[in-house]
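Novice: Have a look at this one.
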Amino acid sequence: MTERNIRVEPIDRHAVEDQDVEIVERKGIGHPDSICDGIAEHVAQALAREYIDRVGKVLHYNTDETQLVAGNAAPAFGGGEVLEPIYLLIVGRATKEYEGTKIPAERIALEAAREYLNENIPQLDVGTDIIIDVKLGEGSGDLQEVFGEEGATVPMANDTSFGVGHAPLTETEEIVLNAERSLNGPYAADNPEVGPDVKIMGKREGDEINITVAAAIIDEHIEDLDEYDDAVTRIHDHVVDLAAEYTDRDVTVDVNTADNYEDGSIYLTTTGTSAEQGDDGSVGRGNRANGLITPNRSMSMEATSGKNPVNHIGKIYNLLSTEIAESVVDDVDGIRDLRVRLLSQIGRPIDEPHVADVHVVAADGVELDDVEDEITEIVDAKLADVTAITQRVIDGELTTF
């Protein structure tokens, strides 16, 4: 035990890499849930910067209740049309006046949402394909007091809550995470028919990995069913090649498995997202703070995106626990699997968690006593520097989904 309540103990399971069955999911940036996550976080960053510019510090706000209502579209080879626009509502709370200074929080939120969509999902025409609305209430007085204590060098926790992080990623997790990033990055740049709504599910049974890809194909770049089939085949081959960079296990890849060519039922879209056709979205319903959904591991159900980065534990401790886990695995030899749980208590300084609980699966021949002091030192140092998370979040250096 240290001055901070840090505990290190063995974990009561095999390393995830050694378990018989593993399931991993990632929802791409164009998935309706991820659209909500991305907009909520971009709005949060914009509000934080605006508060700093206008009053010199970040004021109370949260935009982590953003919701999306799906639209309706009629995709067609060569280009279809949106029949009913998607509706997105930015919901939360924000400080709109501080010591006589008025802050146009809702205008800032609208501008940030438009900017995010134009940069990340340009297939959606803002105002035509998607309607953006915003409703930001005033913040809670009690929380504002906890948030804005004068002279405090470390903010007080706004809630009694916890965050969870783990490392290292398994081979299956690496494949799922990087396949989506690749398909929505360099691959899409060269293959514009691939929309941003790419969802990937990984399943490993023993040493056999299956990757299921659901990729929205944009109709204006596809002239007929043969071109569609070619696009699906190219995605398949790309993911197969990518998977070989992370594993020597047997990997199979399936793409758009709900397609029925005989019936003409295929994953063809006008805007590149299923939000155009009945798929709603919410902040926090998709990827966790490390970008994955991992039922083999402990997860916090807190939405990380859109929360205030100064004292909102649902954001800070999920990001920090992940960073701690990664740092420990990078710097301490002999760790097969690691889980970090950080628990806050409302009103306590955020660098003094109620408990910092580290669970370890050590490699063969390594005893916990051999690494406990090193682990504790890293956890202690990261907690002491917890306020650095805030600026990195505001600057967009840390991803929340």
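The values are calculated or read from the model by the stated rules, or taken from the named source; none is laboratory data. The shown structure was predicted, so the numbers you read here are calculated from the model rather than taken from an experiment. Neighbour counts run over all protein chains shown; Cβ positions are idealised from the backbone, glycine included. We work out accessible area using only protein heavy atoms, side chains counted, and drop any ligands, DNA or RNA first. Shrake-Rupley method; radii C 1.70, N 1.55, O 1.52, S 1.80 Å.
Novice: Got at least one residue in segment 312-324 being under 18 Å from the mean Cα position of the chain (by Cα) and not in a helix (DSSP H, G or I)?
Specialist: yes
Novice: Could I ask something else about it? Among the residues of segment 274-294, which ones are open to solvent by 20 Å² or more (accessible area, probe 1.4 Å) and among the acidic types (Asp, Glu)?
Specialist: If the condition is that a residue be open to solvent by 20 Å² or more (accessible area, probe 1.4 Å) and among the acidic types (Asp, Glu), then Asp279, Asp280 are the ones that fit.
Yes or no, residue by residue, for (1) surrounded by 20 or more Cβ atoms within 10 Å (Cβ to Cβ); (2) in contact (Cβ under 8 Å) with a residue 12 or more places away in the chain; (3) in contact with a strand residue (DSSP E or B) (Cβ under 9 Å, 6 or more places away or on another chain):
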residue	(1), (2), (3)
Gly314	yes, yes, yes
Asp337	yes, yes, yes
His354	no, yes, yes
Ile375	yes, yes, yes
Glu397	no, no, no
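Novice: I'd like the full set of residues that are touching a helix residue (DSSP H, G or I) at 6+ places or on another chain (Cβ under 7 Å) and of a type in the set (Phe, Trp, Tyr), limited to segment 72-102.
Specialist: Phe77, Tyr98
Novice: A follow-up question, please. Condition first: surrounded by 21 or more Cβ atoms within 10 Å (Cβ to Cβ) and either within 22 Å of the chain's Cα centre (by Cα) or not β-branched (Val, Ile, Thr) (or both). Now tell me which residues in segment 92-115 satisfy that.
Specialist: Across segment 92-115, the qualifying residues are Gly92, Arg93, Ala94, Ala105, Ala109, Ala112, Ala113.
Condition check ((1) charged (D, E, K, R); (2) within 22 Å of Pro168 (Cα to Cα); (3) touching a Gly at 6+ places or on another chain (Cβ under 7 Å); (4) in contact (Cβ under 8 Å) with a residue 60 or more places away in the chain) across all residues:
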site: Asp280; (1), (2), (3), (4): yes, no, no, yes
site: Met299; (1), (2), (3), (4): no, yes, no, yes
site: Val332; (1), (2), (3), (4): no, yes, no, no
site: Gln345; (1), (2), (3), (4): no, no, no, yes
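Novice: If you don't mind, another one. Looking at segment 97-112, I want the residues that are in a loop (DSSP other than H, G, I, E, B) and have a partner that is surrounded by fewer than 15 Cβ atoms within 10 Å (Cβ to Cβ) with Cβ atoms under 7 Å, at least 6 apart or on another chain. Which pairs are those?
Specialist: Once the first residue is in a loop (DSSP other than H, G, I, E, B) and sits in segment 97-112, its partners that are surrounded by fewer than 15 Cβ atoms within 10 Å (Cβ to Cβ) give Ile103/Arg54; Ile103/Glu97.
Novice: Also, quick follow-up: Residues that are open to solvent by 20 Å² or more (accessible area, probe 1.4 Å), farther than 24 Å from Thr387 by Cα and at pLDDT 95 or above: does segment 28-39 have at least one?
Specialist: Checked against the condition, which is being open to solvent by 20 Å² or more (accessible area, probe 1.4 Å), farther than 24 Å from Thr387 by Cα and at pLDDT 95 or above, segment 28-39 yields at least one hit.
Novice: Considering only residues of segment 1-40 that are part of a helix (DSSP H, G or I) and among the aliphatic types (A, V, I, L, M), which is farthest from Gly272 (Cα to Cα)?
Specialist: Among those residues, the one meeting the criterion is Val16.
Novice: Sticking with this structure for a sec: Being modelled with pLDDT of 95 or more and assigned to a strand (DSSP E or B) narrows it down to one residue among Asp337, Asp380, Asp373; which is it?
Specialist: None of the others qualify; the one that does is Asp337.
Novice: Let me ask something additional. Regarding Leu59, is this residue among the aliphatic types (A, V, I, L, M), outside any helix (DSSP H, G or I) and modelled with pLDDT under 95?
Specialist: Yes: the conditions hold for Leu59.
Novice: Output yes when any residue across segment 301-308 is surrounded by fewer than 24 Cβ atoms within 10 Å (Cβ to Cβ) and not small (Gly, Ala, Ser), and no when none is.
Specialist: The answer is yes, given that some residue of segment 301-308 is surrounded by fewer than 24 Cβ atoms within 10 Å (Cβ to Cβ) and not small (Gly, Ala, Ser).
Novice: Could you figure out which of (1) among the hydroxyl-bearing types (Ser, Thr, Tyr); (2) more than 21 Å from Thr400 (Cβ to Cβ); (3) open to solvent by 10 Å² or more (accessible area, probe 1.4 Å) isn't true of Thr271?
Specialist: Status for Thr271: all satisfied but (3).
Novice: Would you mind stating whether Gly347 is farther than 27 Å from Val43 by Cβ, out of contact with any Leu (no Cβ under 9 Å at 6 or more places or on another chain) and not in a helix (DSSP H, G or I)?
Specialist: The answer is yes for Gly347.
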